[in-house]
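The values are calculated or read from the model by the stated rules, or taken from the named source; none is laboratory data. Nothing here was measured: the structure is a model prediction, and the numbers come from that model. Virtual Cβ from ideal backbone geometry, glycine too; neighbours counted across all protein chains shown. SASA here: full protein model, heavy atoms, side chains in, ligands and nucleic acids out. Shrake-Rupley method; radii C 1.70, N 1.55, O 1.52, S 1.80 Å.
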Amino acid sequence: MGSEEVAWAAGSMEPFLERLDHPVYVVTVEAGGERAGCLVGFASQCSIGPTRFMVWLSKANRTFRVAASARLLGVHLLGRDQYALAELFGGETGDGVDESGRRFDKFARTPWAPGPGGVPVLDGVPAWFVGRVEGLTDAGDHVGFLLSPVASGGGTHAGEPLRLSDVIHIDAGHPA
């Protein structure tokens, strides 16, 4: 076995993972009268027919706790020029309170409209969809939400998506 193979046998995925630079997404949810949203780095289409998409939410995140009882989630693709939106949803936590002592409301700081089931749909993103939760997969510190699309749209925003390398310096509102 060569030295590269030994590293893999030891369980290190760093040589593989450090080469990835996939898009990041904002996931939004409304359930039980609560809204939540977070920046997500783990997400992908996972079936062609029927179309399915999996998003992974950290168990430490308030969005996960709200999503755990939701039927629908919103998934938003961000453009390269939407770093501030990524910073809002990735660097702030809905568990915190604002200067007036109220729960920090990310949605008060960005334009949005209610989508299917009241799921917040962010304005001005290149593309979004709302998906019905078909199942959950517990994978340790994250839970995967398997989604079937029920509605989708997008603005006139064109260009490259915001990627992991673009947001790597955002200090997370919660540990991953």
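Quick notes on this one:
- Each label was represented as a point 7 Å from its Cα along the Cα-to-Cβ direction; for residue 113 and residue 132 these points are 2.3 nm apart.
- Tensor-based shape of the stretch 32-137 (alpha-carbon gyration tensor, a/c under 1.5 rounded, otherwise prolate or oblate): prolate
- Highest mean first, the peptides 79-91, 19-31 sorted by other C-beta atoms within 10 Å per residue fall in the order 19-31, 79-91.
- For the stretch 10-119, carbon and sulfur atoms together expose 54% of the accessible surface, with a 1.4 angstrom probe and every protein chain in place.
- Between residue 14 and residue 104, the C-beta separation translates, for a Förster distance of 41 Å, into a calculated FRET efficiency of about 0.75.
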